Every structure is written in C-alpha cells, then in structure tokens.
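Colleague: The structure that follows is given in the form of structure tokens.
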Amino acid sequence: MTTAPPVPVRHRAARAGGRGGPVATAVGVVGELLITLGVLLGLYVVWQLWWTDVIAERDQAQVLEQLDAPAPDPADVAVEVRRDAPPVVAPPAAQEVFGTLHVPRWDDAVIPLAEGTDKRAVLDRAMAGHYPETVMPGDVGNFSVAGHRMTYGAVFHRAEELQTGDPLVVEAAGTWYVYRVTEARVVQPDAVEAVAPVPWQPGVEPTERSLTLTTCHPIGLNSLRERYIVNAVLDYWLPVEEGTPPDLVGQAAPEQGGA
C-alpha cells in the first residue's frame, strides 16, 4: 500500500492562514487605523499646545514692533503721578490695536490690546481683546478684556498668580493708566455680570474706573467649563511724555499725586 507524501510545511501554513485570513486581515486593518489615529491625535496635540503658540507669539512680536509702544525707563524714578480725572481713549475701529497691557507679576509681560474679541483676528494672535460694549481706558465704568489661557500665545495663562494690589498697567493714546487688582473669581461662562459697568452689580451706575480680565478656567482639557475673572480699579495715571509709572520700574507709587 502506498502512502501520500507529507504536505509541505508551507502548504499547511497556507491552509491555516486561509481559515483565519478574514479575521486576521480585519484585526490588522483596525490596528493600523488605530496607530494612524494615534499619530494624528499626537500631531494635533503638538499643534495645539506648541505650534499655535509659535505662530501667535510671532504675530504678537510683529504687532508690538509696529505699535512702537514706549518702554519703561528705570531712570524715571521721580515722576509725579496723577489721581484726577484722566483722559479717555477714543473708541478704535474693529480689530485695531490701540495700546498695550503691562503685567509686572508675569515677568513684565507686554500684551497688545485690540478692539473686539474675534477669535481668529484678535485672540488667536496673542492679543487681549476689548469687549466693545464696555468703556475704554480712563472712562468711568468697566474696561474689560479677554485673552486665551491655553494655546495661541496664552496671554492670560498666569491669571491665577495675580494678587490683590498688583498693578495692571495700560498704555494707550499717550497715557499710562495704572489699575490695581482688587479680587479674582471663578464663574460660569454665562456670568455676564463680570463685565457690567460695576462688576458683579448689573444695573448699578458706576462711579469708579475699573478694569476686568476674563479668561478660560481651569487649565487643561476642561478649560471651557468655567471662567477666571480678575477685577481691578484705577489707582493713578500720567502722560507717557512725563515718564514711566513707578510700578513698572520697581518703585512704590506715592499715596498722593498732583492735579
């Protein structure tokens, strides 16, 4: 009796593969898709957390260069500050850059101020945007601005570091306006009373000159869940041509200023 020759190993493997082929193929395809998705998500995170900052900070540098804003001069240590009624900045055109915000607490950060809160044209270019429905610097009421806390320059990333009494210095239209932080709050995104003429008191007639910073909270994936609000009130002002605010050169402002 004759016997059949043994099946070559490669043939047995082929037959085994043939029985599991569709499943193995599907698993392989899904695996490749998951790997591709992971790579794409990783690239997206890099783009969001790093590349958007690179682009926005480049835009910010160009804006500051074009603005030619005055730089603090440490030699200005004997200037006379003023606490009478300051000049009021005229309303600018939409998206126009009209000044800068100096924050000593944030390693002397200088942030361009632009009209409006359009995401692409203003906020995504590492600028703080002025809420058009609020007053301009120097006016009685609540001068309110918004800024990113994550990505696109994250100009208000360090908002939680601000402390009561810290100076927030606005330069616009040839005038320095020095506001001091009074409080900070975490609120819901629809808390529009934050930018009321009298912060947190809608319908009340303002008597003070206020500044409000608004940004997202907390830092992280849930940054749109709440808002972080910083309130300040005007302490003093002085014309740019007369020198630099003491708070920008590490000096204490005098208790009383000239008229």
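Colleague: Give Leu101, Leu123, Leu113 a once-over and let me know the one that is more than 20 Å from Ile55 (Cβ to Cβ), among the aliphatic types (A, V, I, L, M) and surrounded by 20 or more Cβ atoms within 10 Å (Cβ to Cβ).
Modeller: Leu101
Colleague: Does Arg158 satisfy being touching a residue at least 24 places away in the same chain (Cβ under 8 Å), out of contact with any Gly (no Cβ under 7 Å at 6 or more places or on another chain), closer than 23 Å to Ser223 by Cα and charged (D, E, K, R)?
Modeller: yes
Colleague: Could I ask something else about it? Scan region 55-77 for residues that are exposed (fewer than 15 other Cβ atoms within 10 Å of the Cβ) and either charged (D, E, K, R) or assigned to a helix (DSSP H, G or I) (or both) and report the count.
Modeller: Qualifying residue count, region 55-77: 7.
Colleague: Taking strands (runs of 3 or more DSSP E) that fall entirely within region 82-174, which contain at least 1 residues that are more than 22 Å from Ala184 (Cβ to Cβ)?
Modeller: So the answer is 97-103, 109-115, 167-172.
Colleague: Let me ask you something else. If a residue has to be in contact with a Ser or Thr (Cβ under 7 Å, 6 or more places away or on another chain) and either at pLDDT below 95 or in a strand (DSSP E or B) (or both) to count, how many in region 231-252 make the cut?
Modeller: Residues flagged as in contact with a Ser or Thr (Cβ under 7 Å, 6 or more places away or on another chain) and either at pLDDT below 95 or in a strand (DSSP E or B) (or both) within region 231-252 amount to 5.
Colleague: Which residue pairs have Cβ atoms closer than 7 Å, lie 6 or more positions apart in sequence or on different chains, and pair a first residue in region 69-84 that is over 22 Å from Leu113 (Cβ atoms) with a second residue that is outside any loop (DSSP other than H, G, I, E, B) and among the aromatic types (Phe, Trp, Tyr)?
Modeller: Arg83/Tyr236
Colleague: Do we find a residue being among the hydrophobic types (A, V, I, L, M, F, W, C) and buried (at least 19 other Cβ atoms within 10 Å of the Cβ) anywhere in region 182-192?
Modeller: Checked region 182-192: no residue is among the hydrophobic types (A, V, I, L, M, F, W, C) and buried (at least 19 other Cβ atoms within 10 Å of the Cβ).
Colleague: Moving on. Please go through (1) within 14 Å of the chain's Cα centre (by Cα); (2) under 19 Å from Gly99 (Cα atoms); (3) buried (at least 19 other Cβ atoms within 10 Å of the Cβ); (4) among the charged types (D, E, K, R) for Arg149 and return the number of the only condition it doesn't satisfy.
Modeller: Looking at each condition in turn, Arg149 falls short on (2).
Colleague: Sticking with this structure for a sec: Would you pick out the residues in region 37-85 that are in contact with a Pro (Cβ under 9 Å, 6 or more places away or on another chain), of a type outside the set (Asp, Glu) and modelled with pLDDT of 80 or more?
Modeller: Within region 37-85, Gln60, Val63, Leu64, Leu67, Pro72, Val79, Val81, Arg82 meet the criteria.
The values are calculated or read from the model by the stated rules, or taken from the named source; none is laboratory data. Only a predicted model underlies this, so the values are computations on that prediction, with no experimental measurement involved. Using ideal geometry, Cβ is built from the backbone for each residue, glycine included, and neighbour counts are taken over all protein chains shown.
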